[in-house]
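Encoded as structure tokens, the structure appears first; notes follow it.
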Amino acid sequence: MTPPAMVTVVGHKHAGKTTLVVQLVAELIRRQYRVMTIKHGAHTFNIDPATTDTYRHFHEGGAERVAMAAPDRFALVVRWTEELGPVAIAQRYMADADVVVCEGFKRSLLPRIEVFRRAAHATPLYDPAAANADRYLAVITDDPAFRAAASVTVLRFDDADWLPALADLVERSVMGVPG
């Protein structure tokens, strides 16, 4: 099974990755695409509090999978021994998406967009001389002095059209929509 179109948003801690993902997803949905997301976390998580039955099913009972179903949403918590990468997750659970926007997964081979805010960090992750430089689609920055190699698009937060320009880039470069 072929995975859907995918892109990941990377950056240093507190650079604004989540904010960018939310804005990009909203813009792509506004353009009538079916958008799904995957957030990479370095630590475990619980989506339900310890007082709930589903928590007890998973943590006390040790169920391998627990589905939580309500009239307006569904969640599936799966216990695994080996972490799946974003492509495997998308193939298994999000194959019907037009595009999957990921957050994190710096080690993946996915095309990437970096959020680089000089206000948060002195240097970007992007290095035009690095072996992974060809994976970068764009760097979104607040740094007026940031100039990257010609192989990557640089968009500035102070440009009023940065978000539509980024969505256009994702459509063309990731989703294969003719420009």
Legend entry - Filter result for the condition that a residue is modelled with pLDDT of 95 or more and either under 19 Å from L137 (Cβ atoms) or not aliphatic (A, V, I, L, M) (or both), over T54, T8, T44, T2: T8
Legend entry - Every residue from segment 22-47 that is free of Cβ contacts under 8 Å to residues at least 24 places away in the same chain and surrounded by 10 or more Cβ atoms within 10 Å (Cβ to Cβ): V22, A26, I29, R30, N46
Inset, instruction - Scan segment 107-121 and give yes if some residue there is closer than 12 Å to V7 by Cβ, modelled with pLDDT of 95 or more and among the small types (G, A, S), otherwise no. - result: no
Inset, instruction - Confirm whether A75 is under 28 Å from V21 (Cα atoms) and in a strand (DSSP E or B). - result: yes
Legend entry - Extreme residue, surrounded by the most Cβ atoms within 10 Å (Cβ to Cβ), among residues of segment 52-67 that are assigned to a loop (DSSP other than H, G, I, E, B) and of a type outside the set (S, T, Y): A63
Inset, instruction - Of the numbered conditions (1) touching a helix residue (DSSP H, G or I) at 6+ places or on another chain (Cβ under 7 Å); (2) buried (at least 19 other Cβ atoms within 10 Å of the Cβ); (3) farther than 19 Å from V35 by Cβ, A167 fails exactly one; give the number of that condition. - result: (3)
Inset, instruction - Find the residue count for segment 124-147, including only residues that are farther than 26 Å from L28 by Cα and either touching a strand residue (DSSP E or B) at 6+ places or on another chain (Cβ under 8 Å) or at pLDDT 95 or above (or both). - result: 3
Inset, instruction - Being of a type outside the set (V, I, T) and under 14 Å from T2 (Cβ atoms) is the filter here, so list the residues in segment 79-93 that pass it. - result: A88, A90, Q91, R92
Inset, instruction - Identify all residues within segment 103-123 that are touching a residue at least 24 places away in the same chain (Cβ under 8 Å) and outside any strand (DSSP E or B); write none if there are none. - result: G104, F105, K106, S108, L109, L110, P111, R117, R118, A120, H121
Legend entry - Among residues of segment 1-40, those that are in contact with a Pro (Cβ under 9 Å, 6 or more places away or on another chain), assigned to a strand (DSSP E or B) and more than 15 Å from D168 (Cα to Cα), counted: 3
Inset, instruction - Working only within segment 86-104, note down all residues that are modelled with pLDDT under 95 and of a type in the set (D, E, K, R). - result: R92
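Residues checked against (1) of a type in the set (A, V, I, L, M, F, W, C); (2) farther than 27 Å from F105 by Cβ; (3) surrounded by 14 or more Cβ atoms within 10 Å (Cβ to Cβ):
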| residue | (1), (2), (3) |
| --- | --- |
| A50 | yes, yes, no |
| A69 | yes, yes, no |
| L76 | yes, no, no |
| W80 | yes, no, no |
| G85 | no, no, yes |
| A90 | yes, no, yes |
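The values are calculated or read from the model by the stated rules, or taken from the named source; none is laboratory data. Only a predicted model underlies this, so the values are computations on that prediction, with no experimental measurement involved. For neighbour counting, all protein chains shown are included, and Cβ atoms are generated from backbone atoms with ideal geometry for every residue, glycine included.
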